[in-house]
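The structure appears below as structure tokens.
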Amino acid sequence: MTTNPSQLPDIFGYIDLLDRFIAHQLAAPAFDASYLQMVKSEDRALGEPVYPVLQELFEDADAYVERPELRTEPEDLDDEQLRECALRARQALKEIGYS
């Protein structure tokens, strides 16, 4: 479902953060903190089809638990699980039209 890139909101900050995390240039705790802060600070209504992708990743980042001994719930994510979620989100954004 590719959208005309000129009709898409500018989300370069999100794309850059995702790409750096996926490329292992950013550790999971730093990605998690940055991503959560970025979404919480967002003052635009991003709408369809972008918002659902970013919101799902927000929920994944919220479930990330850095320290293994504190992961007590089945939905708690470790570093690699969070990276897999980031990969899924990045792929979804590519399918929308963010190359």
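Here, each number is a calculation from the coordinates, and none is a lab measurement. Remember, predicted model here, so these are calculated numbers, not experimental data. A quick note on method: Cβ atoms are made from the backbone with ideal geometry, for glycine too, and the neighbour counts reach across all protein chains shown.
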Any trypsin sites (Lys or Arg not before Pro) in the range 10-99 that lie in a DSSP loop and have at most 10 other Cβ atoms within 10 Å would be ARG44
Whose amide H sits under 5 Å from the amide H of TYR64, counting only residues 5 or more places off or on another chain, with H placed in the peptide plane? LEU77
Cα-projected label distance for LEU8 with ARG20, points at 7 Å along beta-carbon direction, nm: 2.0 nm
Helix 79-96 vs. the chain, principal-axis angle (Cα, 0 to 90°, nearest 10): 10 degrees
Under a point spin-label approximation (7 Å from Cα along Cα-to-Cβ), what is the MET38-ARG67 distance to one decimal in nm? 2.7 nm
Loop-exposed GluC sites (Glu not before Pro) per DSSP, neighbour cap 16 Cβ within 10 angstrom, longest uninterrupted part of the chain: 1-41
